[in-house]
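Working notes, structure below.
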Amino acid sequence: MIKLRLRASEVRLGDRLVGLGGQPNRVVMQVRRMSREVRLLHGGADETRLVGDPYVWIMRAEPRVIEEELPHTVWGVRTPRRIQPWEGDR
């Protein structure tokens, strides 16, 4: 998990909102963007209302990076088309 500081409108489902003053981290279940506020819902009836689009601290899972080298192309070498038995000899 990494700690990020983002605008409230950039928070995503599954992010953990960092609590203030010893409050536990809460998993964000839904983000609602209203005209002048952002609402972050965390299960049940709990929600956090933020006026405007302030910065908030969240915990987010680190993106996974695959370091394996991929082949130059996914296409194999072109070979002549195989004749199917029902097509007969040409």
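Each of TRP57 and VAL77 was given a label point 7 Å from its Cα along the Cα-to-Cβ line. The distance between the two points is 5.9 nm.
How high is the FRET efficiency from MET1 to ARG36, r the C-beta distance, R0 25 Å, rounded to 0.05?
On the way: r = 31 Å, r/R0 = 1.24.
That gives a FRET efficiency of 0.20.
Just so you know, all these numbers are worked out from the coordinates, no wet-lab data involved. Everything numeric here is computed off the predicted structure, so don't read it as measured data. Positions of Cβ are generated from backbone atoms using ideal geometry, with glycine treated the same way; all protein chains shown enter the neighbour counts.
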